[in-house]
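The values are calculated or read from the model by the stated rules, or taken from the named source; none is laboratory data. These numbers were taken from a predicted model, which means no experiment stands behind them. No Cβ is skipped: glycine too gets one built from the backbone with ideal geometry, and neighbour counts run over all protein chains shown.
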Amino acid sequence: MTRVQMRRAIVGALVVVSVFLISDAENILAQSPGGSVGNGAAVSARPVTIPLTIRVKGSVPISELDLKIVDFTVTEDGEPQTPISIRAMGSNWPLNLFVLIQDDVISSIGLEIKPLAEFIRRLPRGSRVSVGYLRTGSLQVRQRFTLDLEKAAKALRPPVGLASTAPFNPYVEVIEALRRFDSQPAGRRAVLLVSDGMDISRGVDAGGQTLDLQRAITQAQRRSVAIYAFFAPTVTSSGSTTLIANAQSSLKRLTDDTGGRAYFQGFGAPTSFVPFIKDLKESLDMQIALTYLSTHPNKGFHKVKISSSTPGVEVVYPSGYSRN
């Protein structure tokens with residue numbers, strides 16, 4: 001079965017089954033203590049939407065996908081929750097995307113600007129794109145969010161590739177970029193980060209797991225922004241495998257905890273971004289939005305676990321969300 005057939009099967013199953021999930025959830029809510037639908041009574045549960053990416057391993061029979069792809073199990077803070085709807089996103093849904101490039105990555109990354117620009121041009125109609133560079137001082141925004149994908153693509157430039165342009169640490173400026181999503185419409189949101197992921201602002205012994213990294217994760221989770229990272233060494237980091245390993249670990253945590261993915265090719269610069277971009281596009285095409293009833297109204301971070309019983313299907317999602 002081809003990827004296209006698989007994708008169509010998934011979308012078809014999601015559209016049909018989501019109707020039944022909504023109906024079942026309304027019945028459960030109406031029967032729950034203190035909760036009802038449409039009668040004005042207080043509702044103890046609140047809807048929470050989590051973006052998911054479905055990854056299919058090997059050959060999965062289409063009948064198996066039809067029957068089980070929506071068989072999700074959701075827990076929040078260790079307690080079972082009730083799914084109420086599943087919406088297919090896929091290749092036709094607009095994406096709000098912020099492309100961030102660390103300005104001191106090695107100069108060979110300049111050769112990857114063309115495939116990155118083509119990726120932007122081929123985003124779904126209605127997508128909004130912003131382009132920025134992480135550098136000394138603060139985030140340099142070369143293009144604010146725009147519907148003009150050609151204009152956004154042309155805003156890309158080769159990184160300077162000098163140590164003097166290095167940011168204080170990449171995560172501080174990632175946080176700055178995340179705040180700019182506040183003015184954008186709701187929907188699919190993502191950051192594409194080209195960086196070495198290295199933060200030694202609090203010393204090399206921090207192991208890369210710094211306060212600013214956690215702050216970036218929290219801010220992304222609050223805004224439902226999935227972060228995807230392409231690792232690229234900088235002039236400073238290219239000589240230390242220990243520092244690079246710590247930095248890659250940080251990028252992996254950043255992406256795993258926000259529902260994205262980190263891409264590496266060993267400790268050196270990737271031969272090409274093209275395979276990364278291809279996999280990223282396929283991941284975006286397989287995205288869905290799962291909404292469930294959360295029984296935890298308290299403020300703070302809530303840990304989420306989602307699984308599917310479908311053999312060969314892996315579900316990628318943020319590790320949780322923060323409620324204000």
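Here are the numbers for the structure shown:
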{"read-out": "Subset tally (residues that are touching a helix residue (DSSP H, G or I) at 6+ places or on another chain (Cβ under 6 Å), among the charged types (D, E, K, R) and at pLDDT 95 or above) for region 135-188", "value": "0"}
{"read-out": "Those residues of region 109-130 which are more than 29 Å from residue 162 (Cβ to Cβ) and crowded, with 22+ Cβ neighbours inside 10 Å, in sequence order", "value": "128"}
{"read-out": "Every residue from region 49-69 that is of a type in the set (A, V, I, L, M, F, W, C) and at pLDDT below 55", "value": "60, 62, 65, 67, 69"}
{"read-out": "Region 231-254, residues that are within 21 Å of residue 135 (Cα to Cα) and either basic (Lys, Arg) or under 13 Å from the mean Cα position of the chain (by Cα) (or both)", "value": "251, 254"}
{"read-out": "Residue count, region 100-121 (criterion: touching a helix residue (DSSP H, G or I) at 6+ places or on another chain (Cβ under 7 Å), in contact (Cβ under 8 Å) with a residue 60 or more places away in the chain and of a type in the set (Val, Ile, Thr))", "value": "1"}
{"read-out": "So residue 269, is it surrounded by 15 or more Cβ atoms within 10 Å (Cβ to Cβ) and closer than 24 Å to residue 123 by Cβ", "value": "no"}
{"read-out": "Matching residues in region 246-262 - criterion: being out of contact with any helix residue (DSSP H, G or I) (no Cβ under 7 Å at 6 or more places or on another chain), at pLDDT 90 or above and over 18 Å from residue 305 (Cβ atoms)", "value": "248, 249, 251, 252"}
{"read-out": "Residue 138 assigned by TED's automatic domain parsing to the domain that holds residue 217 and surrounded by fewer than 16 Cβ atoms within 10 Å (Cβ to Cβ)", "value": "yes"}
{"read-out": "Residues that are surrounded by fewer than 17 Cβ atoms within 10 Å (Cβ to Cβ) and in a strand (DSSP E or B), drawn from region 272-297", "value": "none"}
{"read-out": "First in region 173-196 and in the same structural domain as residue 110 (by TED's automatic domain parsing) and in a strand (DSSP E or B), second anywhere and modelled with pLDDT under 90 and polar (S, T, N, Q), Cβ under 9 Å, 6 or more apart", "value": "188/224; 188/287; 189/224; 195/234"}
{"read-out": "Residues being touching a residue at least 40 places away in the same chain (Cβ under 8 Å), touching a Leu at 6+ places or on another chain (Cβ under 8 Å) and part of a strand (DSSP E or B) - total across region 211-244", "value": "3"}
{"read-out": "Among the residues listed as 312, 300, the single one being free of Cβ contacts under 8 Å to residues at least 24 places away in the same chain and either outside the structural domain of residue 97 (by TED's automatic domain parsing) or surrounded by 20 or more Cβ atoms within 10 Å (Cβ to Cβ) (or both)", "value": "300"}
{"read-out": "Among residues of region 87-108, those that are buried (at least 22 other Cβ atoms within 10 Å of the Cβ), modelled with pLDDT under 95 and hydrophobic (A, V, I, L, M, F, W, C), counted", "value": "2"}
{"read-out": "Every residue from region 82-137 that is more than 20 Å from residue 177 (Cα to Cα), β-branched (Val, Ile, Thr) and part of a strand (DSSP E or B)", "value": "82, 84, 86"}
